[in-house]
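A.B. asks: Quick one: this structure, given as structure tokens, is what I'll be asking you about.
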Amino acid sequence: MSKLKLGDYNRLTILKRVDFGLYLDGGDAGEILLPKKLQPKNYQIGDEIEVFLYLDTEERLVATTEHPLCKVGEFAFLEVAWVNKYGAFLKWGLQKDLFCPFREQKMRMEIGKSYIVHVHVDEESYRIMASAKVEHYLSQRVPDYQQGDAVDALIWQKTDLGFKVIIDNKYQGLAYEEEIFKNIHTGDRLTAYIKSVRPDGKIDLKLQPMGHQQALDFSEELLQYLKEHDGKCNLGDKSDADDIRERFQVSKKTFKKAVGNLYKQHLITVSDFSITLNPS
């Protein structure tokens, strides 16, 4: 059996059934309980099942078939459930809340508010913990991304330049304010695209596909918009960029490329301040 991964998913073999659940084979860690209310409906002794491993309130290794909002090694945007004299406890989708000690908080966390945190196993206590000092857990090496690569992005925090973003649970990036064409908030997860990786490893992002692909994607969106609005749109080639951005969350450049694509296909008629869908 491979080494157990605390705070992660593991495939374990069912050893036996007891009144209060199933015991799973934890190898050197011994038998691990999967509580009865969480056991699968159909199973046989000897079956291998996927479970998430964490520590219960008495710090015993326990299994669950529930899916938490994050696992060890990941960043997440979690809400504070309660606070005591040791720290804050965050909702992460399991019966036992995730602990974030005061020493791992940038500011005192408050009940009902949500924070970006990193989840890790504390080396001293072997407990799963959260830290709001996320900079300590971001990779400092230069990534090998190429321009246009699609990445998983977690919106981290607003800055004077735009938004800091956590990329693929590993790197820090920046999306510039003037290149963001939709409303975003801390904690949003979305697909972003690599704009550039600088020699010092800093990453610039765009929240829309790059260049021609973005125009093609928006062409489909604009065509669908026309079909749903009686074949008319009161924006055209000479419409204000802010009006276009507010309506479609794209730049005027992308808008004009998409309009051009549809016009070349003889799907629309274009004027300075309107677009009309041609009869099919």
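The values are calculated or read from the model by the stated rules, or taken from the named source; none is laboratory data. Given the structure is predicted, the values throughout are model-derived calculations rather than measurements. All Cβ positions, even for glycine, are placed from backbone atoms using ideal geometry, and neighbour counts span all protein chains on display. Just so you know, the surface numbers come from the protein's heavy atoms only, side chains and all, with ligands and any DNA or RNA stripped out. Shrake-Rupley method; radii C 1.70, N 1.55, O 1.52, S 1.80 Å.
A.B. asks: For residues in the range 116-134 being open to solvent by 30 Å² or more (accessible area, probe 1.4 Å) and modelled with pLDDT under 95, which is nearest to the chain's Cα centre (by Cα)?
C.D. replies: Restricting to residues being open to solvent by 30 Å² or more (accessible area, probe 1.4 Å) and modelled with pLDDT under 95, the top hit is Arg127.
A.B. asks: Let me ask you something else. Scanning the range 200-218 for residues that are at pLDDT 85 or above and not charged (D, E, K, R), which turns out nearest to Ser251 (Cα to Cα)?
C.D. replies: In this case the residue turns out to be Leu207.
A.B. asks: Go through (1) of a type in the set (D, E, K, R); (2) closer than 30 Å to His136 by Cα; (3) over 30 Å from the mean Cα position of the chain (by Cα); (4) outside any loop (DSSP other than H, G, I, E, B) one by one and return the number of the condition Lys16 breaks.
C.D. replies: (2)
A.B. asks: Taking the range 1-25 as the search range and keeping residues that are closer than 21 Å to Gly73 by Cβ and not hydrophobic (A, V, I, L, M, F, W, C), which one is most open to solvent (accessible area, probe 1.4 Å)?
C.D. replies: Going through the qualifying residues, I end up with Lys3.
A.B. asks: Here's something else I'd like to know. Yes or no: Ser271 closer than 24 Å to Glu177 by Cα, free of Cβ contacts under 8 Å to residues at least 60 places away in the same chain and of a type in the set (S, T, N, Q)?
C.D. replies: On the way: closer than 24 Å to Glu177 by Cα: no; free of Cβ contacts under 8 Å to residues at least 60 places away in the same chain: yes; of a type in the set (S, T, N, Q): yes.
No; evaluated as a whole, the condition is false for this residue.
A.B. asks: Given the condition touching a residue at least 60 places away in the same chain (Cβ under 8 Å), over 16 Å from Asn169 (Cα atoms) and within 21 Å of the chain's Cα centre (by Cα), answer yes or no: does some residue in the range 77-87 qualify? Before you say what the answer is, go through the steps one by one.
C.D. replies: Here is the first cut: in the range 77-87, the residues touching a residue at least 60 places away in the same chain (Cβ under 8 Å) are 77.
Add one more test, that the residue is over 16 Å from Asn169 (Cα atoms), and what stays is none.
No: the range 77-87 contains no residue that is touching a residue at least 60 places away in the same chain (Cβ under 8 Å), over 16 Å from Asn169 (Cα atoms) and within 21 Å of the chain's Cα centre (by Cα).
A.B. asks: Still on this structure, please answer the following. Regarding the range 239-251, can at least one residue be identified that is assigned to a strand (DSSP E or B), of a type in the set (Lys, Arg) and open to solvent by 20 Å² or more (accessible area, probe 1.4 Å)? Working first, answer last.
C.D. replies: The first filter runs over the range 239-251 and keeps only residues assigned to a strand (DSSP E or B), leaving none.
Within the range 239-251, not a single residue is assigned to a strand (DSSP E or B), of a type in the set (Lys, Arg) and open to solvent by 20 Å² or more (accessible area, probe 1.4 Å).
Condition check ((1) under 27 Å from Val165 (Cα atoms); (2) among the small types (Gly, Ala, Ser)) across all residues:
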position	(1), (2)
Gly7	yes, yes
Val51	no, no
Leu61	no, no
Glu74	yes, no
Glu79	yes, no
Pro101	yes, no
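A.B. asks: Please work out if Thr276 is among the β-branched types (Val, Ile, Thr) and touching a residue at least 12 places away in the same chain (Cβ under 8 Å). Working first, answer last.
C.D. replies: Working: among the β-branched types (Val, Ile, Thr): yes; touching a residue at least 12 places away in the same chain (Cβ under 8 Å): yes.
Yes.
Residues are listed down the side, and each one gets a yes or a no for (1) touching a Leu at 6+ places or on another chain (Cβ under 6 Å); (2) within 26 Å of Tyr193 (Cα to Cα):
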| residue | (1), (2) |
| --- | --- |
| Gly46 | no, no |
| Glu50 | no, no |
| Phe77 | no, yes |
| Phe99 | no, no |
| Arg108 | no, no |
| His118 | no, yes |
| Val121 | yes, no |
| Ser125 | no, no |
